[in-house]
Every structure is written in structure tokens, then in C-alpha cells.
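Please read the structure below before turning to the comments.
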């Protein structure tokens, strides 16, 4: 959404408004508005609190009483986390642990690949003009419109069967069974239009002098890209990295489709969605599982809030 | 490689057109020809928007002429020209690298080893009077000091051609004079050909052997003057009071004034509007 | 199991190292090229991979989806517009389209309205950063995680037993001793699912709108105040018109997210109990019914619905940037 530019470092939450600000604010500054905000905040927080508390209560407590009963009878245990990660107790001997590992193994490359490839493309489109480069940029830009769903089935067919013209294989089958490759590639492909667009906007506005001085010093385009452009573009890369990391980590559709939900390669959300359907009564397990999956995004959120907001605003139309 | 030490620049009837974002063809420079001899200090003066920087871009190989040829050392420019260094109005220094690493960047880009590049960078920093500042970062230096770093970075590759695009344009008058003197001192030592762009006529006459006056929109060469002030010239502040300097300065200014007024009228939307209609 | 984990993480590091290694090697070798060749190589090697991924990953598959949508389930028989007439003629799909329409109208409007009210109120409170963080936090959570959180809120127990779902318990505290099984109650369940969407997206609306309100030039509001505008009138005549384009951007952005909504439905109901929406129906057609024709037709409908929204959104953003 909001575009990332090198000069525009406007944080979405700038310093407090001047004290003499608008009459609107004065008119609305009643105890009533404080109560209203407080109420919304409570409603927004309590469901998550319920999840956290439930995940920490012993199994029989969870089954017999609501989580608010915890305040009257506080018993805490980490047993649910141990169960959900290692024992599972529902057909999968290893619990959620393999899926957690899968999530990590999917998310890291699926964040690095598109950022590197998109920044390369953005550099060419911004700094090496050639016939048709504007058209290519426009195509990248326009393809942001295409929803994932449009590409899902044919891409899956391509990955599992390859592409052939007559007897000639023009694209080999990637092989679906338990490999991360299809998910990595799919996430990289789907990230490309937005990533190129955002990074291009940033890289195109880098100071011309720095790039041209390096060029006449004899640095090749590759060298300029690596030694000058990438370091200068770090703020934009960081914002997009956070956005892409969270997008992949939280994604269900791509992970489910391109792993088929197999424990060898499926990420957390696909397993949780499945558990939510079939083990709806084991709330202590389900809540612990859900908390495991949200804890990493929450750490990112609270530690990198400023970058997080910027990345999120920049990427919010993706999909 | 026989031409490696020959920095003769020949610009022959060069025209450069751009496509504006609106889809119109914009002619930046039209039929420009002039020559810079090896070791010659050539200044290009002209009003804003006369395509001075476009000309530099084509000599360095960053840009390609639409018509005509640019030759360096007798060879048509194709890709980045060897043995060229650039100095811009903004100091092209990387903010995350130390002064030493910034100056060493040129040799590193050329493929020198790190130790050798740093040794040469140290030597050049000493020559521009910045010994002891090697480990500072650009933002810790004053404007004049950053300019010296940029000068060391431009000269360290021992270029046969040095291109300067209004290098002292952002400096105050005193610093500018000091830097001009230092530039002349350093230039005398290695004598690369210099293509120096400025809109300050006094600066051009004080520094250069040859002054090319350009007109604007599209940029063409109006006149070329050879400056016969003796070298070494000494202080640029003092040379301004010599009769021969004033004579040359007046002569060129008469040519230039008309151009400047025309360009000003056009940008200010004044009474002279034939440029707009064209 | 730890062996398994180390193999998986080894694969990950191997893939990243291999990827970067190959790129660096290519860059190194291509760096030797000179003149025109160097420029062409740079364009080819730096831009090529992205263009290839785009073609193979999006352009070709999207065209193929359109093609598949004209065929039967295993793409052996040409149906023409058959799958589209099915989509508009089938009563189950009518329900899907109706639900989708309800979603894209109600959820974005409520999200934006609530976000706007919060943006106006929260900035003047002490500790606003804490409120903002807490309201914005759900945005970091996956839709799957959010769904599990709310599924627990909506959990049903026979009224004779102690309740575990917060919503039922609150109803009982308030004196309604026979709350329904929320998720099964059609059409109420649709609105209960929308609350999850609103819960996730309101923080986004609030942060963006709050930034827009702060960006209103002070002289504009001051002039209006001097002219006698106060309170509600100032709000309606100055604040809202000044941030109109931002409001529309937020509205359309949430709308696009809502149109592609899949995770919440999949996790909460699997599309049962009259809660199915377009994106999840498309997934079911493709991967449970294995009907690539119908799935393709639904994907195309989704695409056609998204295009005008994105186009409008982009036009709005561009105009805003030009004004700035």
C-alpha cells in the first residue's frame, strides 16, 4: 500500500499530535471515549488471553470448567505443550514438532529467495533501461491483481507432472512427495510481483551518483548490485522481509496445496486447521498448538513493531 | 591497450534524444562537437538544462549517443570507458563504509587485492591532507573534508580522464576556493584530461585550459575558447584580478549572457517565448 | 526424531547456501564480461529469473486456469460456458455467492468504521501505544490461529454443564440460560465468522487511518475551527473529506482480503452449515471434488471480482501520491 521510498521515512506512528490539535479531538475527549477504547481493547485481548490460559491448564480442568475459573483455582502446567509437540496423542507419534520444523524450513528459504531475486530484477528495471523494460515493469505491476487461486491447479499439475511438448520435457517434475521444493518455489513465484514493485520503487530513488561513480570505477552491474545497491536498500529489504516472513509463516493455502498436508513437509497452519476439524474437544491440546504457531509472529511483532507496521502497510494488498 | 594512456576525447556531431514519460521525444543535445586533448583541463559552461551532464554520461559510457560518435583515445566508446573517474556535486561516498574503505573501493572494483587497495588509499588520503581520518565515517566529516575524500576516491585509480560534474557546486565560497587550489595542485602531478562542468564562469576561466560554452534546449556548442593564462596558476582567488583573466572573462560572458537570459526567460515564463513554441 | 529434524534443517540451509552460491558464482563469472556483452549479461542474469518465475508461476497457470474452466472435471470434454452456467444456476453455489457478497459488504464496512472511530479516539489517550499495540496484535496472527482462538470463544456445551465457551457463559451470566450452538446456527454463524475477520483487520484500519488523520495539515483544521466548525461538524466537513481517499483504500484493501478468504472458513466450519464462500468452494472443487473445470470457473469469477477493486485501489494510491 504505502510505498517504500528512501527519502520518506515517515513512520506510521509519528510523534504525538500538537497539543492545540483539532476541535474534533477536544470534542471527543470525554471519559466516555476512554471507556469505549478500553472496552474495545479488552474485547480484542480477552480471546487471546483465554487461549493462553487454557493452554497452560491441566487437562481435566480444561474439560470441566471455563478458563475464567483459572482465576479462582490457579493450576499451571506445561504438560499440554509437551504433549502437543512430542506425543501428539492423535495418530501422529511426533505431535506438532515435525510441523514446526517444517514451518521453519519452509519460511526461511521462501523469504530469502524472493527478496534476492526481486531485488535483482528491480535493479535492472530501475537502472539498466532497455527496450521493453517499461513494459516488463508494468506487467510485474499488473500481475499483483491475479489471485493465488488462479494459478493453484495448473501449477500443482506442473510440479507433479512436469511440462511436455510432444515427447520433449520442457519442465521436469519437481516431485511432490515430502519435498519442500514445491512450496519454496510456489511462495517465491507468488511473492514476485509485489516484491519487484515495492523494491523497484525504493531502488529507483537511490542516489544516481553513488551508482554511476562505482560504474565508471570499473565495477560491473553485478558488483554495483552487491556492493552498493543491496546495502543502500536495506531498509526496504528489511520491511519486505518481515512482511514475507509473516505471510509465509501464517499461510495456509499455499502450504496445504503444495505439500498435501503430509507430515514430511506440511507447515503448522495446515496441521492446525486439520486438528481444529477433527479434535475439537481436546481444547488443551488445540490451544497449546495454536499458541506455538502464533508465538513467533508475536515475537516479531513486539520486537520489530516499527518495521512490522511498515512492511505490513507496504504489502497489505498481496495475495 | 595501446591507447590506455591516451586520454584524448573526441566528441563528433553528437545528438542525444530521450523519450519523456509523456511519450514525447526530447532532444537534450544536438550536433555537439569538441575535443579535449590529453592532459588538458576543459571546462564546460552553460545555463541549466543544456545537456552538460548528458555529455559526461556519453564520454564515460554510461549513456550512448543517438547520433554521432564519442571517441576516447581514438576508440569509439562502447560500454564503460576504461580509465575514467567521476566526481559529482554530492559526494558519492557509501555511508556504511569508513573513509579508508570508501577511497579503497575504486582499486577493489578494478580487481586489486584488499591490502594493496588500502595501502594506496592511505597514501591518497595523506595527499589530500586527511591522514589520521581513515577510520571515520563520511557523516563524521565536514563538507570540505568529504569533498577531499571524494577527490582522493576519484584520483586513486590514476584516471586518464577525470570528469567533474559541478563538484564544488554545493560548497561555500571560501571552501570552494581552497578545494579548487588543491584540485589544481593534484592535477598538476598526474595531468589527466579533465572535463569539468560548472555554471560558474569565473571558476571555469580560473581552472581550465579550454572553455566550451553551450546553449540550452537543445544543448549545442556556442563557442570554444582557449585560455592562455600561464601554468602553474597559483591561487584561484588572485588570478581573478589579472588583466588577461578579466579580458577573457568579459569576452566569454558576452557570449554566455544572451544564452543565460534566454534560458531564464524560458523557465521563468518571461516575454521571450519562442523556445516554447519550437 | 532429532535426526529427522536435523535433516530437514540441513535441507533448508543447503538450499539457501546453494541458491546464494550459484548466484555468486554466476555474478563472479559474468563480471569478467566487458562492453555491450556485460550489459546484456546483466539484464539476462539479474532480470531473467524473476521474469521466468512470473511466466511459469503466474502468467501461464492463469491462462491455463481460464482454459481449464471451459472443460469438464478431468479436462477431457469441452463444455464451453457450462461451468459458468453451473456456478450461477446451482442453488448451493447461490448460497456461496450470497455469503461471499455478505462478507465483502459487511466485514470491510464494519472494520473500516470501527478502525476510524478508534483512530479518532485513541490518539488522545494516555498510553495510546499500549492500546494500539493490543488492538493491532491480531494482525500478526495467522487466520488459522485466530480461528482457533474464536472457535474456543464460540464453543458449545449443553446448558446443564459448566460452560467452556466464553460467549455462552456471558449469555448465561446475562440471564439467557439456553444459548444455541453458535457455529451451527445459520445464518448467525456467518456473522460470527465475520467477527474473526473484523478482529484481525481492525488494527490495520486503525493504524492507517490514524496516520492519515495526523497528516491533515493543521492550517486546514485551524481555519475551519476559526470559521466556527466544532465537534461533529468539523469531523464531518473537514476530517472525513480530508482522509476520504485513505478510507477508500482501507475499505478496498480489506475487501480484497475478504474476497480471497479461505483460512477462516476452512478452519472453523470447513464450509459446512451454510457458511461456504467462493475461495473455499474453489479449493473444495479442486482438491476434494477434483473438478478442475468448476474450480477454474470459480477462480476466474474470483479474479474478475478482484480486478476492479485492485484497479481502483491503485488509481487512488497514485492520485494520493501525486497530490503529496
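Worth pointing out:
- Members of the range A:96-133 found to be part of a loop (DSSP other than H, G, I, E, B) and either at pLDDT 90 or above or surrounded by fewer than 24 Cβ atoms within 10 Å (Cβ to Cβ) (or both), listed by number: A:128, A:129, A:130, A:131, A:132
- Those residues of the range A:278-304 which are assigned to a helix (DSSP H, G or I), modelled with pLDDT of 75 or more and over 14 Å from the mean Cα position of the chain (by Cα), in sequence order: A:283, A:284, A:285, A:286, A:287, A:288, A:289, A:290, A:291, A:292, A:302, A:303
- If you go through the range B:78-130 and pick out every residue that is surrounded by fewer than 17 Cβ atoms within 10 Å (Cβ to Cβ), within 14 Å of chain C (Cβ to nearest Cβ) and in a loop (DSSP other than H, G, I, E, B), you end up with 3.
- 2 or more residues touching a helix residue (DSSP H, G or I) at 6+ places or on another chain (Cβ under 8 Å), in contact (Cβ under 8 Å) with a residue 60 or more places away in the chain and assigned by TED's automatic domain parsing to the domain that holds residue B:262: qualifying strands (runs of 3 or more DSSP E) within the range B:5-49: B:41-45
- Of the residues contained in the range C:66-74, one or more are found to be within 27 Å of residue A:141 (Cα to Cα), more than 7 Å from chain A (Cβ to nearest Cβ) and assigned to a loop (DSSP other than H, G, I, E, B).
- Output for the range C:21-77, where each listed residue is in contact (Cβ under 8 Å) with a residue 40 or more places away in the chain and within 25 Å of the chain's Cα centre (by Cα): C:62, C:65, C:66, C:69
- Test: residue in the range C:292-312 that is more than 8 Å from every other protein chain (Cβ to nearest Cβ) and at positive phi: no
- The one condition in (1) touching a strand residue (DSSP E or B) at 6+ places or on another chain (Cβ under 6 Å); (2) surrounded by 15 or more Cβ atoms within 10 Å (Cβ to Cβ) that residue B:25 fails to fulfil: (2)
- All positions within the range B:154-182 that are out of contact with any strand residue (DSSP E or B) (no Cβ under 8 Å at 6 or more places or on another chain) and assigned to a helix (DSSP H, G or I): B:173, B:174, B:175, B:176, B:177, B:178, B:179, B:180, B:181, B:182
- Qualifying residue in the range C:135-148 (condition: within 13 Å of chain A (Cβ to nearest Cβ), surrounded by fewer than 19 Cβ atoms within 10 Å (Cβ to Cβ), more than 30 Å from residue C:283 (Cα to Cα) and modelled with pLDDT of 90 or more): no
- Per the conditions (1) assigned to a loop (DSSP other than H, G, I, E, B); (2) facing chain A (nearest Cβ under 10 Å); (3) closer than 30 Å to residue C:98 by Cβ, the sole criterion not satisfied by residue C:186 is (2).
Okay, residues lined up against (1) at pLDDT below 95; (2) surrounded by 17 or more Cβ atoms within 10 Å (Cβ to Cβ):
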| site | (1), (2) |
| --- | --- |
| C:47 | no, yes |
| C:57 | yes, yes |
| C:72 | yes, no |
| C:76 | yes, no |
| C:81 | yes, no |
| C:85 | yes, no |
| C:88 | yes, no |
| C:92 | yes, no |
| C:96 | yes, yes |
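- Residue, farthest from the other protein chains (Cβ to nearest Cβ), within the range C:193-219, restricted to residues that are part of a helix (DSSP H, G or I) and loosely packed, with under 14 Cβ neighbours inside 10 Å: C:219
- Number of residues in the range A:199-226 that are within 30 Å of residue B:112 (Cβ to Cβ) and within 11 Å of chain C (Cβ to nearest Cβ): the value is 10.
- Only a single item in (1) assigned to a helix (DSSP H, G or I); (2) within 30 Å of residue C:214 (Cβ to Cβ); (3) facing another protein chain (nearest Cβ under 7 Å) is not met by residue C:125, and it is number (1).
The values are calculated or read from the model by the stated rules, or taken from the named source; none is laboratory data. Source: prediction; values computed, not measured. Using ideal geometry, Cβ is built from the backbone for each residue, glycine included, and neighbour counts are taken over all protein chains shown.
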